[in-house]
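Where a number appears in this text, it was derived from the coordinates with a stated rule and is not lab data. Here the structure is a predicted model, which is why all the values come from computation and not from measurement. Cβ placement follows ideal geometry from the backbone for every residue including glycine, while neighbour counts extend to all protein chains displayed.
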């Protein structure tokens with residue numbers, strides 16, 4: 001069967017159309033391939049099966065699992081790893097008072113809510129080579145007064161820098177509805193706050209609605225961040241870095257076997 005250029009075969013997305021037609025919601029049973037989820041505090045959210053609060057034994061096992069993963073990444077030849085502590089994933093669920101309602105040493109105070117991440121960082125740093133970069137991604141702010149705020153992030157970033165983290169990537173939110181700002185570079189001030197608090201050898205990146213070459217350059221030359229991340233822009237245009245280089249008058253950096261494509 002042939003199709004015209006740019007027009008996928010009907011079967012390409014058939015499975016997705018069938019899924020949408022069924023309008024399935026909720027969690028899959030173990031018999032259907034699902035699994036039991038864990039979190040900082042037992043919770044029901046988004047119509048899913050309630051997640052179970054992690055026991056202290058599970059927390060300890062998880063910390064060692066993070067360290068073992070770092071060891072595998074080193075053996076595989078990676079030069080940098082990033083611990084994902086953002087966007088409502090497990091670590092963020094411990095950090096944020098919006099989701100962490102524990103009453104043991106992993107909940108309540110700032111010191112307790114950050115304990116899980118600090119244990120992970122120390123365990124990972126113990127197995128990750130000192131000559132390789134150790135990074136972390138934060139939701140710098142929940143954008144809710146009672147949630148995790150940028151001041152919390154700055155304070156924790158300073159502690160994790162002392163523990164060996166050198167790369168800090170600043171996103172935001174991920175727990176509950178989004179109440180933050182919007183528009184070009186709306187998260188850049190979060191990166192700037194962390195950058196200003198850390199020594200010069202820390203590498204801080206900004207993310208979110210950074211789509212234009214001059215916009216990205218302005219963030220760098222004004223010292224708001226050391227780097228920019230362009231996930232959506234790169235998805236939309238895999239040649240974005242090279243096009244930005246052309247706009248800014250920098251040398252082209254694409255490999256020689258792409259030269260035929262030019263611009």
Handout entry: Förster radius 45 Å - calculated FRET efficiency between residue 60 and residue 214, Cβ distance, rounded to 0.05
Key = 0.40
Fill in the blank from the handout: Here the gain from full extension of residue 200 to residue 68, 0.36 nm per residue of separation minus their alpha-carbon distance, amounts to 44.5 nm
Exercise for the section: Report which label in (i) 18.8; (ii) 19.9; (iii) 16.4 holds the value of mean projected area of the Cα convex hull in nm² derived from the coordinates of this structure. Expected result: (i)
Completion exercise
Residues 96, 251, 62 in order from fewest to most other beta-carbon atoms within 10 Å are 251, 62, 96
Fill in the blank from the handout: Most exposed first, judged by fewest Cβ atoms within 10 angstrom, 159, 212 run 159, 212
Fill in the blank from the handout: Listing 122, 257 by rising number of other beta-carbon atoms within 10 angstrom, fewest first, gives 257, 122
Practice task
Put one equal scatterer on each alpha carbon of region 50-98, apply the Debye formula with no solvent term, and list log10 I(q)/I(0) at q = 0.14, 0.18, 0.22 1/Å to two decimals.
Solution key: -0.46, -0.71, -0.92
